[in-house]
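**Q** Dropping a structure here in structure tokens format, bear with me for questions.
The values are calculated or read from the model by the stated rules, or taken from the named source; none is laboratory data. The model shown is predicted, which means the values in this text are computed figures rather than measured ones. Because the Cβ atoms are built from the backbone with ideal geometry, glycine has one as well, and the counts that use them run over all protein chains shown.
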């Protein structure tokens, strides 16, 4: 039985305004229900590719689809969750761990972004899955690198997307945390993510 396509990247090129091409003619398919890794040297365009899939950067050419629909539609339907590199987060911003995870629920809330009981329960469940529920009232900037990664993974879980993109998920984490993340990713795959 053939797996449905999770992510299809077809001849994608991203060129910045200064003329530098960050990605050139990238093409690949990640089957649905799989765990895949994107490996490359620093500066090879891995993060740019993630940002292109998330719609954060404009494609110069090519197309990207997620779960068989254009990226923009997939994002509007909250089908894709994203965990950025640690360097892309302002850790000094005063926000509590549970508020970071609640951000994963924003796409499910109304325009006023008022959390309902169900949203709060989903956030608690996500924090429990990454063993961070006891830290829910701590400032995100007070956590270790591995704890921060787990909080952002909880945010992705709370979003309930069918595709989860993790940019450098093991940078700054210890071996125990890495094993926990891998185990959790396998659980999520078994759940259809």
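**Q** Could you please tell me which pairs satisfy a Cβ distance under 7 Å, a separation of 6+ or placement on different chains, a first residue in segment 18-31 that is in the same structural domain as residue 66 (by the TED database), and a second residue that is part of a loop (DSSP other than H, G, I, E, B) and surrounded by 14 or more Cβ atoms within 10 Å (Cβ to Cβ)?
**A** Sorted first by the residue in segment 18-31, then by its partner, the pairs are 22/45; 23/45.
**Q** Then there is this: Being under 17 Å from the mean Cα position of the chain (by Cα) and modelled with pLDDT of 95 or more is the requirement here; does residue 133 meet it?
**A** When the stated conditions are applied, residue 133 does not pass them.
**Q** So, one more: What number of residues within segment 138-165 are under 25 Å from residue 113 (Cα atoms) and either surrounded by fewer than 15 Cβ atoms within 10 Å (Cβ to Cβ) or touching a residue at least 60 places away in the same chain (Cβ under 8 Å) (or both)? Talk me through it step by step, then tell me what you get.
**A** Going residue by residue through segment 138-165, those that are under 25 Å from residue 113 (Cα atoms) are 138-141, 148-165.
Now restrict to residues that are either surrounded by fewer than 15 Cβ atoms within 10 Å (Cβ to Cβ) or touching a residue at least 60 places away in the same chain (Cβ under 8 Å) (or both): 141, 148-149, 152-153, 155-157, 159-165.
So the count comes out to 15.
**Q** Here's something else I'd like to know. Out of curiosity, is residue 81 within 21 Å of residue 185 (Cα to Cα), in contact (Cβ under 8 Å) with a residue 40 or more places away in the chain and assigned to a strand (DSSP E or B)? Let's see the steps before the verdict.
**A** On the way: within 21 Å of residue 185 (Cα to Cα): yes; in contact (Cβ under 8 Å) with a residue 40 or more places away in the chain: yes; assigned to a strand (DSSP E or B): yes.
Yes: the conditions hold for residue 81.
**Q** Condition first: in a loop (DSSP other than H, G, I, E, B), within 13 Å of the chain's Cα centre (by Cα) and farther than 15 Å from residue 88 by Cα. Now tell me which residues in segment 49-69 satisfy that.
**A** Applying the first criterion (in a loop (DSSP other than H, G, I, E, B)) to segment 49-69 yields 54-60, 67-68.
This time we only want the ones that are within 13 Å of the chain's Cα centre (by Cα), so: 54-56.
Of everything in segment 49-69, just one residue is in a loop (DSSP other than H, G, I, E, B), within 13 Å of the chain's Cα centre (by Cα) and farther than 15 Å from residue 88 by Cα, namely 55.
**Q** Tell me, yes or no, whether segment 34-48 has at least one residue that is outside the structural domain of residue 161 (by the TED database), in contact with a strand residue (DSSP E or B) (Cβ under 6 Å, 6 or more places away or on another chain), outside any loop (DSSP other than H, G, I, E, B) and surrounded by 15 or more Cβ atoms within 10 Å (Cβ to Cβ). Give the steps one after another, and end with the answer.
**A** Residues of segment 34-48 outside the structural domain of residue 161 (by the TED database): 34-48.
Going one step further and asking which of them are in contact with a strand residue (DSSP E or B) (Cβ under 6 Å, 6 or more places away or on another chain), we end up with 36, 45, 48.
Imposing the further condition that a residue be outside any loop (DSSP other than H, G, I, E, B) reduces the set to 48.
Of the ones still in play, those that are also surrounded by 15 or more Cβ atoms within 10 Å (Cβ to Cβ) are 48.
Yes, because at least one residue in segment 34-48 is outside the structural domain of residue 161 (by the TED database), in contact with a strand residue (DSSP E or B) (Cβ under 6 Å, 6 or more places away or on another chain), outside any loop (DSSP other than H, G, I, E, B) and surrounded by 15 or more Cβ atoms within 10 Å (Cβ to Cβ).
**Q** Residue 100 fails exactly one of the following numbered conditions: (1) within 19 Å of residue 146 (Cα to Cα); (2) modelled with pLDDT under 90. What is the number of that condition?
**A** (2)
**Q** Now a separate question. Report every pair of residues separated by at least 6 positions or lying on different chains whose Cβ atoms are under 6 Å apart, first residue within segment 106-130 and assigned by the TED database to the domain that holds residue 156, second assigned to a loop (DSSP other than H, G, I, E, B).
**A** Between residues of segment 106-130 that are assigned by the TED database to the domain that holds residue 156 and residues that are assigned to a loop (DSSP other than H, G, I, E, B), the close pairs are 106/113; 107/78; 127/136.
**Q** Could you tell me whether residue 70 is in contact with a strand residue (DSSP E or B) (Cβ under 8 Å, 6 or more places away or on another chain) and touching a residue at least 12 places away in the same chain (Cβ under 8 Å)? Steps first, answer last, please.
**A** Details: in contact with a strand residue (DSSP E or B) (Cβ under 8 Å, 6 or more places away or on another chain): yes; touching a residue at least 12 places away in the same chain (Cβ under 8 Å): no.
So residue 70 does not fit the description; no.
**Q** Just the residues that are more than 17 Å from residue 136 (Cβ to Cβ) and part of a helix (DSSP H, G or I), please, taken from segment 89-117.
**A** 106, 107, 108
**Q** Okay, next question. Just give me the residues in segment 1-33 being over 17 Å from the mean Cα position of the chain (by Cα) and assigned to a loop (DSSP other than H, G, I, E, B), in sequence order.
**A** Residues satisfying the conditions are 1, 2, 3, 4, 16, 17, 18, 19, 20.
**Q** Can you tell me which of 88, 187, 98 is within 19 Å of the chain's Cα centre (by Cα) and surrounded by 14 or more Cβ atoms within 10 Å (Cβ to Cβ)?
**A** Working: 88 fails: surrounded by 14 or more Cβ atoms within 10 Å (Cβ to Cβ); 187 fails: surrounded by 14 or more Cβ atoms within 10 Å (Cβ to Cβ).
The conditions single out 98.
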